[in-house]
Amino acid sequence: MSLADQIKAADQSKSLKVFVPEWSCNVWIRTLPLGELQSWELACLRSKGDGVDDYRTVYLSKCLVDEAGKPLFTSEELKGLSGAVGARLFKVAQKHNDLDDKEIEDIGKN
């Protein structure tokens, strides 16, 4: 097996279980595949100047899943949920996907 094949065969879809006390349940934050991460970043960057007002909910809708890996909410559904919970889960997803604060700040700037 080549090194490239070994890497491709490795489990790269690790999810982090997070208990949300306000919801009295666990949710999972998944690791985004590089292509999805890039698509999200590009969509945010392309919409600069138009007002990127939902970059957090779109990102979180891609990361927040159930135990089977199925997305829990659309970005529109997330907009109606607690901002405090959403902000906390966004930070967990950011860290789990190895995005630093500077990257997020740059993406969120209009």
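Tell me which helices (runs of 4 or more DSSP H) are completely within segment 17-94 and hold 3 or more residues being touching a residue at least 40 places away in the same chain (Cβ under 8 Å), or say none if there are none.
Fully inside segment 17-94 and qualifying: 34-46.
Being under 13 Å from residue 20 (Cβ atoms), in contact with a Pro (Cβ under 8 Å, 6 or more places away or on another chain) and hydrophobic (A, V, I, L, M, F, W, C) is a property that does not hold for residue 89.
Residue 44 meets all of the listed conditions (1) within 24 Å of residue 20 (Cα to Cα); (2) surrounded by 18 or more Cβ atoms within 10 Å (Cβ to Cβ); (3) modelled with pLDDT under 90 but one, namely (1). Restricting attention to segment 53-102 and to residues that are surrounded by 13 or more Cβ atoms within 10 Å (Cβ to Cβ) and acidic (Asp, Glu), the residue that is modelled with the highest pLDDT turns out to be 66.
The values are calculated or read from the model by the stated rules, or taken from the named source; none is laboratory data. Note that the coordinates shown come from a computational prediction; the quantities given were computed from them, not determined experimentally. Heads up, the Cβs are rebuilt from the backbone with ideal geometry, glycines too, and the neighbour counts pull from every protein chain shown.
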